[in-house]
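Notes follow once the structure below has been shown.
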Amino acid sequence: MEETTEYVPPKVWKWEQENDEGRFAAINRPIAGATHEKDLPMGEHPHQLYSLATPNGVKVTVMLEELLAAGKKEAEYDAWIIDIMSGEQFGSGFVAANPNSKIPALVDHSQSAPTRIFESGAILLYLAEKFDAFIPETLEGKAECLSWLFWQMGSAPYLGGGFGHFYAYAPEKYEYPINRFAMEVKRQLDVLDQHLANREFFCGDQYTIADIAIHPWYGNLVLGSQYDAQEFLAVHTYTHVQRWASGIKERNAVKRGQRVNKVWGNEEKQLRERHDAADLD
Ligand SMILES: N[C@@H](CCC(=O)N[C@@H](CS)C(=O)NCC(=O)O)C(=O)O
């Protein structure tokens, strides 16, 4: 009889920790909650951010730097690093800030009781509403802005968890998932490209939280700094996304925000923790 290597799922899935060879084997687990007691550090500013400079983390540090650049002094923040590869997202303090154990998490101490916000999209919206900035004023404008913000939150897992995982991180290259997710990511890039063909930003001529959310994912992808997939996905063909991404990359607040909680890559562009504007100067 011919031998087959095809995977046959068992009746009930089991967690086989010792067989997990993936890059994230040490942190992947099928249960939620804290694994150890550890309080979160606390600085002196109203906003305490617990994060890392991944695309989701960068959305929030860019937003805070944009708010400060726009003169919103009350947006001052401390940014503490959460090392997700060593499991710091499973400490009891972090789990209290985000029961989903993923960066970024923000705690706002300027309210009558400390207010926790998790999910990067929710944090962007919270800050936009709190400071009345980077969000359109009209109901129609808000509708468009939130549609693109939620588009990003729903779509990026196909790019990161789907395409990026199988193209760049999985222990072996498998044709089926790479094909499936490359197809979807190219479709998403075409959605963005067609939309940006006759607009400067996602919501017209105003730079908003929609741009701040989409740029670290799809902007970095077309600029070649995500998954090293620029040739494979022929990102040069998405000319409107490239024009949009290159313009945003030059903003001072974007350059500052990208460095916060960064502990890899070019040393000059790293800043482990941020407690004062001067840390970035
Ligand atoms: N939808 C969440 C996703 C956050 C997320 O996936 N964070 C990743 C880093 S980019 C993380 O903390 N991973 C740690 C883990 O999975 O244990 C958001 O946008 O805030």
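The values are calculated or read from the model by the stated rules, or taken from the named source; none is laboratory data. Keep in mind that this is a model prediction, so the values were computed, not measured. Cβ: placed from backbone, ideal geometry, glycine included. Neighbour counts: every protein chain shown.
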Query - Residue satisfying all of: in the stretch 125-154; among the polar types (S, T, N, Q) and surrounded by fewer than 19 Cβ atoms within 10 Å (Cβ to Cβ); nearest to the ligand (Cβ to nearest atom) among these - result: SER147
Query raised in the report: Just wondering, is there one or more residues in the stretch 117-135 that are within 15 Å of LEU49 (Cα to Cα), touching a residue at least 12 places away in the same chain (Cβ under 8 Å) and part of a loop (DSSP other than H, G, I, E, B)?
Result: yes
Requested in this report: For the stretch 68-89, enumerate the residues that are in contact with a helix residue (DSSP H, G or I) (Cβ under 6 Å, 6 or more places away or on another chain) and within 8 Å of the ligand (Cβ to nearest atom).
Outcome: ILE82
Query raised in the report: Quick check: anything in the stretch 31-40 in a helix (DSSP H, G or I), at negative phi and surrounded by 14 or more Cβ atoms within 10 Å (Cβ to Cβ)?
Result: no
Query raised in the report: Taking the stated definitions as given, is ASP228 touching a residue at least 40 places away in the same chain (Cβ under 8 Å), assigned to a helix (DSSP H, G or I) and among the charged types (D, E, K, R)?
Result: no
Report task. Among the residues of the stretch 41-58, count how many are surrounded by 14 or more Cβ atoms within 10 Å (Cβ to Cβ) and touching a Phe, Trp or Tyr at 6+ places or on another chain (Cβ under 9 Å). Result -> 11
**Report entry** Considering residues of the stretch 1-35 that are among the β-branched types (Val, Ile, Thr) and within 15 Å of the ligand (Cβ to nearest atom) only, the residue nearest to VAL95 (Cα to Cα)
**Finding:** THR35
Query raised in the report: Across the stretch 46-60, what is the total count of residues that are part of a loop (DSSP other than H, G, I, E, B) and within 10 Å of the ligand (Cβ to nearest atom)?
Result: 3
Report task. Please enumerate the residues belonging to the stretch 61-113 that are assigned to a helix (DSSP H, G or I), surrounded by fewer than 21 Cβ atoms within 10 Å (Cβ to Cβ) and either β-branched (Val, Ile, Thr) or on the phi > 0 side of the Ramachandran plot (or both). Result -> ILE84, VAL95
Report task. For the stretch 90-101, state whether one or more residues are touching a Leu at 6+ places or on another chain (Cβ under 7 Å), at pLDDT 95 or above, within 9 Å of the ligand (Cβ to nearest atom) and not aromatic (Phe, Trp, Tyr). Result -> no
Query raised in the report: Within the stretch 184-225, which residues are within 15 Å of TRP148 (Cα to Cα), in a loop (DSSP other than H, G, I, E, B) and either among the polar types (S, T, N, Q) or not assigned by TED's automatic domain parsing to the domain that holds PHE166 (or both)?
Result: GLN206, THR208
Query raised in the report: Does SER246 fit the bill of being small (Gly, Ala, Ser), part of a loop (DSSP other than H, G, I, E, B) and over 30 Å from ASN19 (Cα atoms)?
Result: no
Query - Among the candidates LYS255, LYS262, residue that is over 20 Å from SER155 (Cα atoms) and surrounded by fewer than 15 Cβ atoms within 10 Å (Cβ to Cβ) - result: LYS255
Query raised in the report: Among the residues of the stretch 135-193, which ones are over 20 Å from ARG23 (Cα atoms) and modelled with pLDDT under 95?
Result: none
